[in-house]
């Protein structure tokens, strides 16, 4: 057996501890598969004295995280997190020093991926990030390599486990958003400040990474239209179910002649679609290629074991010498593609209005739809237990998003509406 | 851009034509992703004059397939088929000549995989076979690389599209096996001699390949216990549905302290399991790792586009220089593991008996179960429209397969039974 791959590890939180456990537990098997042992040589974290359930006394300890870039390792693994700050400083220092870099940091990649990939190419060292998207699911590899023969038209999926946990709990227990969120926070499934997850930013980071690899286009996180699940109610989930759908937060990227369109938004997913059966904190990604058709990748999207599994898979690829350009092709070969206009996207829509229960409300909504050129497929009005209000749910025929937007604009400020309408896209 | 990867193609059937179409249609994208162009330089097939819908006039034509091994190519793609004969001769000649080899030939790999992998290692050239299992789904890559950090306990799935097409049609239309098979043959979804598919041999070839990569053990096709779907009736599908299950032909390999167990058999899959929602000719593979948990890979298991997509993905890996040992580790490092005894496997069983409708039949069956130590979870007896017969369906509690076998043995030759009982395993 040849020389070991020497690894430095920055960040000893749950995933960092998981990486140590994977490398210890499966040591012999990993060495057989990688063709050489993989050894941690140095670590860095905020608190040296904390009990992490793993023994780190055998590794060199560096108080200064950035100093890992100069230690005696072949690869640095970054599990510190944050788009900038120490993580970015470490990435730049490591690649600048000509060492390989493995990260689970989707925020940093969304904002600085192209720069880091260019540094890796210039230094001819690997930059890998399987763990940054969908945890343990090898979807970066699936797109970068498994689907490499295909022009990809769409890549989409359930990319945030916290949102899916909340939505499927709302669905199975008929409870409201705030209630389930509070429980998820108490159980540790949601952060005390949950906005990164529930407002769609985390999913958008991941989507922009998938998009780059799927389409061979430059990273364009700033172009992702981002929405979350904060305004989805128990009533919406129930209405969706009655119509044959489940509510999911879907990150969707599609490429056509008009450009690349990226959006994270609450969607109605038909029961017959595999994403409708993805429950709890599971993630799933669908990609559609011009020869392979539709592929589905599903598994655990977070957690120390699954995320560490993806980090170590990257290390094994590096140990084997099977790691090429991070985005499947050199950054210079990535196409500069304009973002497609959101308004030009076409689809069916779910619109929910809380309305005053009085004469003429329905006529007003119906007229706004008609005047914006939106054709109604079905409409349900229900009395709700709040005095004097009713719920109106509309499913539209396929229309450009701009027309839906115009219809909602016509109704803005109307005395008939109690609160903001909710718009969800319907996945076809 | 550097030198092209030069490819010779043996076999110009639907998949061979598909490979040419993929390389032509996505030429520019593939060159960007592979870092160099991929060019077909020579082809060989049985009939030079046949119209294949693709132009092969620009390639060198060799009447002798084996001669491709000596032509001016870096890699030979074999799409001839058959475990031995011309395909095997070509594989040996190609690897012997120090050229890379890509194949979709599961039968050849099941029987000669270890020998060919050793030749590839000795010559330090790639041997790749993504298309041999589950068509376009990158499951070889998913196991070999994506899950490489994990000890895998089970790998299983729907590996034969013809069987799944028949079973899901029986399910949705309430029709009987023979009837649906005849339609599938007329539509070209099943061969005129369908036994390779419906008796489980094709799925067993694929399972033995997955098994080797998942567990790091030597290929052991001879150890696969093989069953098919020929004896599954419309009544079985209906009873399964009533019990909350769907019938699927599942290839299942599991590894534990007692060894590796491989079986292809009709299973009852609970509605809550993702495999229950896999319909038509779609394939799906589940793998369970000790850190990543359960991963699911799903997509088209056959067809010219998907299969060609997998073949070209292998060529792109080779063009990138990202192709290591075929079975993830050198053949010498694969463990020699004894096959686990079939009788020691434990699980719940579905047993269906066609019985004479007379006094004492149920007592006889129940006594056979009791005497073999099999505990009954539920039992249904139904009259059937055939004069004087009834259907008895038993779901057992978990028991060793040897006990079920013993119970059926006790009933063998009984005057109470009309025809062979059917035994299906229940997926947990």
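The values are calculated or read from the model by the stated rules, or taken from the named source; none is laboratory data. Given the structure is predicted, the values throughout are model-derived calculations rather than measurements. Quick reminder, even Gly has a Cβ in these numbers, built from the backbone with ideal geometry, and neighbours come from all protein chains shown.
Observations
- Matching residues, region A:219-235, being within 23 Å of the chain's Cα centre (by Cα) and assigned to a helix (DSSP H, G or I): A:221, A:222, A:223
- For the residues A:103, A:94, the requirement of being surrounded by 24 or more Cβ atoms within 10 Å (Cβ to Cβ), within 22 Å of the chain's Cα centre (by Cα), modelled with pLDDT of 95 or more and closer than 21 Å to residue A:330 by Cα singles out A:103.
- Only one of B:189, B:165 that is away from every other protein chain (no Cβ under 14 Å) and in a loop (DSSP other than H, G, I, E, B): B:189
- Qualifying residue in region B:356-367 (condition: outside the structural domain of residue B:246 (by TED's automatic domain parsing), crowded, with 18+ Cβ neighbours inside 10 Å and either over 32 Å from the mean Cα position of the chain (by Cα) or closer than 21 Å to residue B:236 by Cα (or both)): yes
- Residue check for residue B:375: within 25 Å of residue B:428 (Cβ to Cβ) and surrounded by fewer than 18 Cβ atoms within 10 Å (Cβ to Cβ): yes
- When region B:330-366 is limited to residues that are in a loop (DSSP other than H, G, I, E, B) and closer than 30 Å to residue B:428 by Cβ, the one that is nearest to the other protein chains (Cβ to nearest Cβ) turns out to be B:334.
- Single condition residue A:294 does not satisfy, out of (1) in a strand (DSSP E or B); (2) buried (at least 24 other Cβ atoms within 10 Å of the Cβ); (3) within 14 Å of chain B (Cβ to nearest Cβ): (2)
- Region B:300-320, residues that are at the interface with chain A (Cβ under 7 Å from one of its Cβ atoms) and out of contact with any helix residue (DSSP H, G or I) (no Cβ under 7 Å at 6 or more places or on another chain): B:306
- Only listed residue being in a helix (DSSP H, G or I) and within 23 Å of residue A:331 (Cα to Cα), chosen from A:83, A:67, A:89: A:89
- Note on region B:111-143: among residues that are under 16 Å from the mean Cα position of the chain (by Cα) and part of a loop (DSSP other than H, G, I, E, B), the one that is surrounded by the most Cβ atoms within 10 Å (Cβ to Cβ) is B:134.
- Evaluation of residue B:381 against (1) modelled with pLDDT of 90 or more; (2) under 25 Å from residue B:248 (Cα atoms); (3) under 34 Å from the mean Cα position of the chain (by Cα) (one fails), failing number: (3)
- Test result for residue A:268, in a helix (DSSP H, G or I), crowded, with 23+ Cβ neighbours inside 10 Å and touching a residue at least 12 places away in the same chain (Cβ under 8 Å): no
- Subset of region B:124-139 (residues that are facing chain A (nearest Cβ under 9 Å) and farther than 16 Å from residue A:298 by Cβ): B:130, B:135, B:136
- With respect to the conditions (1) over 27 Å from the mean Cα position of the chain (by Cα); (2) buried (at least 24 other Cβ atoms within 10 Å of the Cβ); (3) touching a residue at least 60 places away in the same chain (Cβ under 8 Å), residue B:43 lacks only one, and its number is (3).
- Among the criteria (1) touching a helix residue (DSSP H, G or I) at 6+ places or on another chain (Cβ under 7 Å); (2) surrounded by fewer than 24 Cβ atoms within 10 Å (Cβ to Cβ); (3) within 11 Å of another protein chain (Cβ to nearest Cβ), the one residue B:288 does not fulfil is (1).
- Neighbours by Cβ (under 8 Å, 6+ apart or cross-chain): first from region A:1-30, on the phi > 0 side of the Ramachandran plot and at pLDDT 95 or above; second part of a loop (DSSP other than H, G, I, E, B) and surrounded by 22 or more Cβ atoms within 10 Å (Cβ to Cβ): A:11/A:79; A:11/A:80
- Tally, over region B:1-39, of residues that are more than 14 Å from chain A (Cβ to nearest Cβ), surrounded by fewer than 24 Cβ atoms within 10 Å (Cβ to Cβ) and not in a loop (DSSP other than H, G, I, E, B): 2
- Each residue in region B:390-416 was checked for being part of a strand (DSSP E or B) and farther than 19 Å from residue B:237 by Cα, and 2 of them qualify.
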